[in-house]
Each structure stands twice: as C-alpha cells, then as structure tokens.
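This report refers to the structure that appears directly beneath it.
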Amino acid sequence: MDDCIFCKIAQGRLGSFIFEDDELAAFKDINPAGPVHVLVVPKKHIPGIREVKEDASIIGRMAARAVEIAAEMGISDTGFRLVVNSGPDGGQSVQHLHMHLLGGRPFGWPPG
Ligand code: AMP
C-alpha cells in the first residue's frame, strides 16, 4: 500500500533493516520502549492480526524470527517480550501487522 509507512520500510524505500528475507523484514522502532525494541513485519500488507486469517502461520514465522533476533542481540538469557497490539484498546497505532520484540530491561505486568 502506497500510504503505509511499514510497507515503505519493508520494501526498502525508507529506513534500514536489521533483517530481511522474501517474506519478512525487521527494523528498529523509531520510539524505543527499551534498550532493544525491534519490529518484525510481513512484506505483504496485512492490516493487523485480525486480518491474517489464511496467512495465520506467518505469526509463527514472525515469532521465530523475533526469537532469533533476540539471541543475536544478546537478550535471550535475560528474557524479552513479544507483543502484537490489535485495534484501539490494544494500542495498535500502525495498521500494518507487526510484532514488537522488547528487551534489555525488565517489563512490568500487567501492561498499562
Ligand atoms: P503499535 O502501537 O503496536 O501499532 O506500534 C507501532 C510502533 O511503530 C510504535 O512503537 C512506533 O514507535 C513505531 N513506528 C512508527 N513509525 C515508525 C517508523 N517510521 N519507523 C520505525 N518505527 C515506527
């Protein structure tokens, strides 16, 4: 989608990746909520987790990739959080499916 910021990033038209393959891209969050804050996104425009439907297996591949990035960033042992926000109450602000990888400090529960 031309007006989607994460489509632009995932297509290499804006910013830079820390990971890319045929299906997924990962890049640093512009407003990090911790020492490590990476977003893993599909290159295909999917508005959010409610719309994955027949592509649901992509969530597993996004999570597996986030776990690999966590290991590469040295936060596997201390731990990390994977988050997918959905809709207004879930705090989703960008309407392109993305998974947050957060780490490098303790995160409280429940979230605010
Ligand atoms: P969410 O609130 O779950 O939709 O998360 C969207 C995330 O995208 C937020 O953490 C933003 O800081 C981040 N973000 C928005 N625009 C950009 C951008 N151009 N590059 C990197 N991260 C972005």
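The values are calculated or read from the model by the stated rules, or taken from the named source; none is laboratory data. Bear in mind that the values here come from a model prediction, so they are computed numbers and not experimental data. Note: ideal-geometry Cβ built from the backbone for every residue, glycine included; neighbour counts use all protein chains shown.
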### Message
Going by what's in this entry, would Ile49 be described as within 24 Å of Pro111 (Cα to Cα) and surrounded by 14 or more Cβ atoms within 10 Å (Cβ to Cβ)?
### Response
yes
#### Entry: Number of positions in region 22-44 that are in contact (Cβ under 8 Å) with a residue 40 or more places away in the chain and surrounded by fewer than 16 Cβ atoms within 10 Å (Cβ to Cβ)
3
### Query
Just to be sure, is Gly112 loosely packed, with under 13 Cβ neighbours inside 10 Å, of a type outside the set (Asp, Glu), modelled with pLDDT under 95 and more than 17 Å from the chain's Cα centre (by Cα)?
yes
### Message
Among (1) crowded, with 18+ Cβ neighbours inside 10 Å; (2) in contact with a strand residue (DSSP E or B) (Cβ under 6 Å, 6 or more places away or on another chain), there is one condition Gln92 misses while meeting the rest; what is its number?
### Response
(2)
### Residue list for region 60-72, restricted to those being of a type in the set (Val, Ile, Thr) and touching a residue at least 40 places away in the same chain (Cβ under 8 Å)
Ile69
